[in-house]
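Here's the structure we're looking at; comments come further down.
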Amino acid sequence: MEFVTPLNVAAALIALVPYLGAAFWGPVVGARLRALPVAAQIAAPALLSIPYALVTLGAHQFNWGWFALYAALPVAIAALMARAARVDPEQCTSWREFVVLAALGLAVDLRWFESAWPAHLAIFNKVLLLDAGIYGFVLLRELGGTGFDLRLRQRDLTTGLRETAFYVPIALAVGLSLGFLHLHSVWPGLTPIAGAWIFTFFFIAVPEELFFRGWVQNLLERKLGRTAALFVTAALFGLAHFNKRTTFFNWRYVLMAAIAGVFYGRAWRRDRRVGASAVTHATVDAIWSLWLR
């Protein structure tokens, strides 16, 4: 594949460092980061501009404006979260967290920055924005109750699969009646099934679950309570899918995603573990992509 080049591979490895570092060694990485001078802590995420430079220089598409954006936005997020940690040590939440979440969510959903990237490589945009959020919320802010730990436990798996079992019959009934789902009887084989699940888990389920459950639902619980936060987050998750598979408002997708969001939220809040809700999310998405799309 022509987009698998040494520069792109190097960019991917750099982009995955904050994600995987926080997911598997978060406390250690965070402690070492917070031992640095405050100015260095805030300036460090400017390094997230390096993957942009590598990818676009290789494609002869480099732009100084986009480079500045990918350097400045993570720094701005870090500055806001560092300030939030100082003025709100009890983590009652402030406007800063919600401003950052709105900026990250809208940038991804409305594809504000995807034109910065060569064709088929816009996934870098999502990963870098995720990295900026992880750096600010997980490593600097140390937002409690996030549950961003991908060292999966047996209870994560059982919780995730339990919520999948609850959701799938509802999804089938609603999705088939709306014409959103279409059954396919093909058995793709164990390797494609495992590959689809693993890819979905790490690059779709975990990022979305960290954002919507670990951050949004987590913060809303402090303002609205557990039940209201669950349903508000599920509704927001549904609305985030309004432009999927269509150029207009795809209300069927929104409805199905919102219902799924209730079960993803239930999986997360049982032990406040992103891994559990990501298991539900990845399993649902794998079933859909292999047999129901």
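Which residues, counting only those in segment 95-120, are within 17 Å of the chain's Cα centre (by Cα) and either in a loop (DSSP other than H, G, I, E, B) or of a type in the set (D, E, K, R) (or both)?
Those that are within 17 Å of the chain's Cα centre (by Cα) and either in a loop (DSSP other than H, G, I, E, B) or of a type in the set (D, E, K, R) (or both): 97, 109, 110, 111, 112, 113, 114.
Name every residue in segment 110-146 that is small (Gly, Ala, Ser) and buried (at least 22 other Cβ atoms within 10 Å of the Cβ), in order of residue number.
Passing the criteria: 132, 133, 136.
Would you confirm whether or not segment 187-198 contains a residue that is under 30 Å from residue 24 (Cβ atoms), of a type in the set (A, V, I, L, M) and exposed (fewer than 12 other Cβ atoms within 10 Å of the Cβ)?
Yes, segment 187-198 contains a residue that is under 30 Å from residue 24 (Cβ atoms), of a type in the set (A, V, I, L, M) and exposed (fewer than 12 other Cβ atoms within 10 Å of the Cβ).
Considering each of 240, 228, 194 in turn, give the residue that is assigned by TED's automatic domain parsing to the domain that holds residue 279 and either in contact with a Ser or Thr (Cβ under 8 Å, 6 or more places away or on another chain) or over 17 Å from residue 278 (Cβ atoms) (or both).
None of the other options fit; the residue is 228.
Which of the following residues is of a type outside the set (Lys, Arg), crowded, with 22+ Cβ neighbours inside 10 Å and closer than 17 Å to residue 202 by Cβ: 289, 277? Give the steps one after another, and end with the answer.
On the way: 289 fails: crowded, with 22+ Cβ neighbours inside 10 Å.
Only one candidate qualifies: 277.
Please go through segment 48-93 and give me each residue that is in contact with a helix residue (DSSP H, G or I) (Cβ under 6 Å, 6 or more places away or on another chain), crowded, with 21+ Cβ neighbours inside 10 Å and closer than 19 Å to residue 4 by Cα, ordered by number.
51, 52, 54, 55
State all residues of segment 136-161 that are touching a residue at least 12 places away in the same chain (Cβ under 8 Å) and either in a helix (DSSP H, G or I) or aromatic (Phe, Trp, Tyr) (or both); if no residue qualifies, say none.
136, 137, 138, 139, 140, 148, 155, 156, 157, 159, 160, 161
Quick check: is even one residue across segment 221-237 in contact (Cβ under 8 Å) with a residue 24 or more places away in the chain and outside any helix (DSSP H, G or I)?
No: segment 221-237 contains no residue that is in contact (Cβ under 8 Å) with a residue 24 or more places away in the chain and outside any helix (DSSP H, G or I).
To keep it simple, each residue is scored yes or no on (1) touching a residue at least 12 places away in the same chain (Cβ under 8 Å); (2) outside the structural domain of residue 207 (by TED's automatic domain parsing); (3) of a type outside the set (Val, Ile, Thr); (4) touching a Phe, Trp or Tyr at 6+ places or on another chain (Cβ under 9 Å).
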position	(1), (2), (3), (4)
31	no, yes, yes, no
78	yes, yes, yes, yes
82	yes, yes, yes, no
93	yes, yes, no, no
97	yes, yes, yes, yes
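One line per residue, one yes/no per condition, for (1) within 16 Å of the chain's Cα centre (by Cα); (2) under 23 Å from residue 269 (Cβ atoms); (3) not assigned by TED's automatic domain parsing to the domain that holds residue 10:
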site	(1), (2), (3)
136	yes, yes, no
147	yes, yes, yes
158	no, yes, yes
161	no, yes, yes
199	yes, no, yes
205	yes, yes, yes
216	yes, yes, yes
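The values are calculated or read from the model by the stated rules, or taken from the named source; none is laboratory data. The structure displayed is predicted, hence computed values, not measured ones. Don't worry about glycine lacking a Cβ; one is built from the backbone with ideal geometry, like all the others, and counts go over all protein chains shown.
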